[in-house]
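Reading through the structure tokens given below for one structure.
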Amino acid sequence: MEWRGRRGSRNIEDRRTAGGGGGGGGRGAGIGGAGVIVVLLLGWFLGVDVTPLLQGDPGGGSDAPTELTAEDRAMGEFVSVTLADTEEIWAALFREQVGRTYRPATLVLFKGYTQSGCGGASEATGPFYCPTDRKVYLDTGFFTVLEERMGAGGDFAAAYVVAHEIGHHVQNELGILEQTTRLRQQVSQVEGNEISVRVELMADCLAGIWAREADARFGSIERGDIEEAMNAAAQIGDDTLQREAGRRPVPDSFTHGTSAQRMRWFETGLSTGEIESCDTFRSAQL
């Protein structure tokens with residue numbers, strides 16, 4: 001992905017040098033990230049103690065300021081450029097396809113632990129979007145997890161993570177998250193999981209639209225980039241994560257979709273470029 005030397009976003013809130021626990025508190029639940037890591041899956045669905053798999057204390061944070069490395073600074077710049085691209089793309093698509101003004105999200109960078117409007121955020125929770133405060137929360141160390149633990153390296157794989165979370169913000173702008181959150185409160189756990197899968201696959205599709213537009217508008221897509229994004233989608237499918245955790249896949253527990261589904265919906269957005277094509281709730285087959 002061609003990103004160096006390009007415009008960054010002003011909607012970045014960098015808490016990485018402020019110490020753990022920064023930001024506002026709150027209640028609620030964030031939307032699961034594009035890269036829900038293996039340890040999180042274990043903790044949420046399989047009842048396994050994930051502490052030995054985590055580096056340090058995932059939720060305790062630290063009051064000591066953090067010194068940024070050269071890699072930290074580079075990743076912050078990369079995320080800022082990617083976010084700026086999403087802002088320009090979705091502003092244009094909202095004018096063209098929705099007839100409304102797009103209000104961009106804020107992206108919070110942190111290291112270790114911070115607070116969000118949806119509760120605590122840590123490496124173990126993975127990147128997520130909080131509709132309460134309209135912010136994406138991202139520990140850039142997750143990109144290392146994505147590459148080293150999950151085999152999904154490359155800058156475009158990381159960009160896909162950001163684009164997926166902004167996809168949730170797009171859903172929030174369209175009023176979809178409010179509707180689905182209310183609906184999940186009225187149904188069983190299994191039915192709620194099915195709704196969550198459709199929400200996540202829609203975000204994958206919206207990420208595909210972003211990739212298409214990034215290539216068309218900025219020429220930032222390089223050879224192999226789409227393959228990186230597709231590989232990332234494959235590595236974070238619920239079925240793949242459960243197998244990697246040494247468990248038999250249990251479809252009723254899926255909340256993000258299978259690897260095949262995630263790749264297919266990313267490809268749908270990539271090939272069509274139409275927001276309406278991402279309506280997973282009208283699709284009989286995911």
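Just so it is clear, none of the values below were taken in a lab; they were calculated from the coordinates. Fair warning: this is a prediction, and the values are worked out from it, not measured in the lab. Positions of Cβ are generated from backbone atoms using ideal geometry, with glycine treated the same way; all protein chains shown enter the neighbour counts.
Report the paramagnetic label zone for residue 92: residues of the range 186-219 whose backbone N is under 11 Å from a point 7 Å from Cα along the Cα-to-Cβ axis. Backbone N within reach: 212-219. Put a plus charge on the Cβ of each Lys and Arg, a minus charge on the Cβ of each Asp and Glu, and nothing anywhere else: the dipole of the range 138-286 about its Cα centre is then about 420 debye. Along the range 149-166 the Karplus relation, 6.51 cos²θ - 1.76 cosθ + 1.60 evaluated at θ = phi - 60°, assigns HN-Hα couplings of 9, 10, x, 10, x, x, 5, 6, 5, 5, 5, 4, 4, 4, 5, 5, 5, 5 Hz to successive residues, with x for each Gly and Pro. The ranking of 17, 255, 114 by Cβ neighbour count inside 10 Å, starting from the fewest, reads 17, 255, 114. Taken one residue at a time, the phi angles of the range 80-93 give Karplus couplings (6.51, -1.76, 1.60, θ = phi - 60°) of 4, 5, 4, 4, 4, 4, 4, 5, 5, 5, 6, 4, 5, 5 Hz. Gly and Pro are set to x. Extension gain for residue 216 to residue 243 (0.36 nm times residue separation, less C-alpha to C-alpha distance): 6.0 nm. This ranking places 160, 113 by how few other beta-carbon atoms lie within 10 Å of each, fewest first, which gives 113, 160. Alpha-carbon geometry of the range 147-261: the Rg and the Dmax are 15.2, 46 Å, given in that order. Candidates 156, 175, 185 compared by Cα position along the dipole of the range 135-213: farthest toward the positive end lies 185, with charges placed on Cβ. Sequence-ordered 3J(HN,Hα) estimates for the range 184-200 from the Karplus curve with 6.51, -1.76 and 1.60 and θ = phi - 60° stand at 4, 6, 10, 10, 6, 4, 4, 5, x, 4, 4, 5, 4, 4, 5, 4, 5 Hz, glycine and proline given as x. The stretch between residue 189 and residue 279 holds 30.2 nm of extra length on full extension. This uses 0.36 nm per residue minus the Cα-Cα distance. Overall, the anisotropy analysis places the range 112-198 in the prolate class: the square-rooted eigenvalues a ≥ b ≥ c of its C-alpha gyration tensor yield a/c not less than 1.5, with a/b exceeding b/c.
Take each peptide in 230-237, 267-274, 140-147, count the other Cβ atoms within 10 Å of every residue, and average; sorted highest first, the result is 230-237, 140-147, 267-274. Spin-label point model (7 Å from Cα, Cβ direction): what's the residue 252 to residue 74 distance in nm? That separation, rounded to one decimal, is 4.7 nm. Listing 9, 116 from fewest to most neighbouring C-beta atoms within 10 Å gives 9, 116. Taking amide H as placed 1.01 Å from N in the peptide plane, residue 140 has its amide H under 5 Å from the amide H of 110, each at least 5 places away in sequence or on another chain.
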